[in-house]
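The values are calculated or read from the model by the stated rules, or taken from the named source; none is laboratory data. As the structure is a computational prediction, the values presented were derived from the model and not from experiment. All Cβ positions, even for glycine, are placed from backbone atoms using ideal geometry, and neighbour counts span all protein chains on display. Areas reflect the complete protein model, heavy atoms only, side chains present, ligands, DNA and RNA absent. Shrake-Rupley method; radii C 1.70, N 1.55, O 1.52, S 1.80 Å.
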Amino acid sequence: MVNITYDASGQLEYYMPNGTLAGVYNGGDIAWTLASTALVWIMIPGVGFFYSGLLRRKNALSMIYLSMMTLAVVSFQWFFWGFSLAFSETGSAFIGDLKYFGLKGVLEQPSIGSTRIPSIVFCVYQLMFAAITPILAIGAVAERSKLGPLMVFVFVWSTLVYDPIACWTWNSNGWSFVLGGLDFAGGTPVHISSGTAGLAISIYLGKRRGWGTERLAYKPHNTSYVVLGTVFLWFGWFGFNGGSALCANLRAAQACIVTNLAASVGGLTWMLWDYRLEKKWSAVGFCSGAIAGLVAITPASGFVGSPAAVLFGVAAGTICNFATQLKFFFHYDDALDIFASHAIGGVVGNVLTGIFAQKSVAAFDGVSVIGGGWLDGHFIQLGYQIADSVSGMSYSFVMTTIILWAMHFFPGGYLELRCSEESEIIGIDDAEMGEYAYDYVGLETELAPPKHTFGEDALEGAVGGGREPMHHVHHQERKASSEGSRADEKDGVSETPVSA
């Protein structure tokens, strides 16, 4: 029996079984949190489109698919035990217990995140954070991974990596929360964990075929997808950061202001850095910078003022831009610069939060009390932020590597992620899905390697899974046959029998 009712003003009242009033929920707070849930949801396919546009067309569909697959797998995992492991009040400083296994008891009680919204509202909102984090990480498998084992990876990674980090960051029992770390919307649980996991995945999978040659010096196959993905992400980030206030108040409004400002400045900064090289106004550069600015402002969005947001955008747009060169220095193949954008961007945001966080801004909701950062003379805060960042990076990298190798040595090789060379040649879309983002448009160009780079039999054994497999090979055979016939006719040779 759910003991709820409405008072004369229309607010939702929750009563204990003995009839004692336990809490009052404002409909506006619930509505804003649920609306923010929908905003964060749209970010998930946004990541898929953003990643898809940056790749070659023969791998475009797989990234969009992976974004939706991740949402589905994590939705089940969150119901099964994810929410309980991250947010049970009876958990440890590192991870929760199974108090809410199968979402048992998750309904009208005040949530652990805020007493202003019921637990079920908080649960579905936090689900979106749990769902977007793995897809940020598995973008690192781009163009060289099987798709089936990734479902297992997402479930296990969410359980062993995301849930513990979310617990120690946001759960009132978590060690970082108790220590005094400030992370308003997911600098460590979402961005540092996913970016570092992306690095671990890139190292484990190894380099793509042709890495270090001109063959992989391609431009994004669909810049419109990159812009579309950025639009979805930027739009959804208002719910990502603004919704983390968990009620409709001035702090939520401030979070939205600084989110938009940091994204804008980050985009302009990255674009200007790229302009110095080619004297071109790059849409991809602007979008990359906007994402970097959004990543950096995430942990700080409920703690800093608008002037600081400008600095966050400049710092993220600059540092993340130059961090994209790390893969060349350390020789790992991070096709989508996930480590540079998310891990480095998250660290930038965490560190700057320790400097620019203000008591006055946190108090915009009327209840939050923090020590502030350097601006308030609370110098130890920077140490807390660095400790949280280093812990998140270390834990995510080590645990992700362990998960990957455990899957690699699983009996029968069923969970090994790296695809065959043949699959990489024809593209993950065809080899793993038998479907395409654009049918066969432009496929022939990508599948026909230069003779000086690959042998004549480079495509031998590569079988597509589509309804018209090896379309490009049949086309080449017909073309060769036609040219051969014309040559024979020119030399006076005919295959038509001459009648006696």
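Stretched out fully, how many nm does the piece from residue 231 to residue 72 gain, at 0.36 nm a residue minus the Cα gap? Write down the numbers at each step before the final one.
Numbers: separation 159, 0.36 × 159 = 57.24 nm, distance 2.24 nm.
Length difference between fully extended and current span is 55.0 nm.
Between residue 250 and residue 178, with labels modelled 7 Å along Cα→Cβ, what's the label distance in nm to one decimal, could you check?
Once both label points are built, they end up 3.3 nm from each other.
With a cut-off of at most 12 other beta carbons within 10 Å, and DSSP calling the residue loop, which trypsin sites (Lys or Arg not before Pro) in segment 219-320 qualify? Please list them.
Working: sites: 251, 276, 279, 280; in loops: 279, 280.
Passing sites in segment 219-320 are 279, 280.
Tell me, what is the FRET efficiency for residue 35 and residue 120 to the nearest 0.05, using R0 = 22 angstrom and their Cβ-Cβ distance as r?
Efficiency computed from Cβ-Cβ geometry: 0.90.
Return, for the Cα atoms of segment 4-421, the radius of gyration and Dmax in Å, separated by a comma.
Every Cα atom of segment 4-421 included, Rg and Dmax give 20.8, 73 Å.
Which FRET efficiency value, to the nearest 0.05, is calculated for residue 363 and residue 152 with the Förster distance at 51 angstrom and r the Cβ-Cβ distance?
Values: r = 45 Å, r/R0 = 0.88.
The pair residue 363/residue 152 has a calculated efficiency of 0.70.
Using helices alone, I'd like the mean residue ellipticity at 222 nm for the chain: each DSSP H run of four-plus residues gives -39500 (n - 2.57), total over residue count, nearest 500.
The helix contribution divided over the chain gives -17000 deg cm²/dmol.
Can you sort 215, 56, 144 by 1.4 Å-probe accessible area, starting with the largest? Before the final figure, lay out each step's value.
Values: 215 75, 56 30, 144 0 Å².
Final ranking, largest accessible area leading: 215, 56, 144.
Can you tell me the length gained on complete extension of the stretch residue 22 to residue 435, counting 0.36 nm per residue apart and subtracting the Cα distance?
143.3 nm
Per residue, how large is the accessible surface of the chain? Use a 1.4 angstrom probe and give square angstrom.
Working: 21070 Å² over 500 residues.
Using a 1.4 Å probe on heavy atoms only, each residue of the chain averages 42 Å².
Tell me the carbon and sulfur percent of the accessible area for the chain, rounded to whole percent, probe radius 1.4 Å.
64 percent
Which whole-angstrom value gives the distance between the alpha carbon centres of segment 289-335 and segment 352-407?
Centre-to-centre distance over Cα atoms comes out at 16 Å.
For residue 283 and residue 406, what is the calculated FRET efficiency with R₀ set at 45 Å and r taken between the beta-carbons, to the nearest 0.05?
0.65
Could you sort out which of 104/146; 99/146; 279/327; 146/280; 327/359 sit more than 29 Å apart by Cα distance in this structure? Don't skip to the end; give the middle numbers.
On the way: 104/146 35 Å; 99/146 35 Å; 279/327 24 Å; 146/280 36 Å; 327/359 39 Å.
Check vs 29 Å cut-off fails for 104/146; 99/146; 146/280; 327/359.
Run the quick spin-label model on residue 328 and residue 2: label points 7 Å from Cα toward the beta carbon, then report their separation in nm to one decimal.
5.7 nm
Compute the helix-to-body angle for 250-278: its Cα long axis versus the longest principal axis of the chain, expressed 0 to 90° and rounded to tens.
Computed tilt is about 30 degrees.
What angle, in degrees between 0 and 90 and rounded to the nearest 10, separates the Cα long axis of helix 193-205 from the longest principal axis of the Cα atoms of the chain?
Helix 193-205 and the main axis of the chain meet at about 30 degrees.
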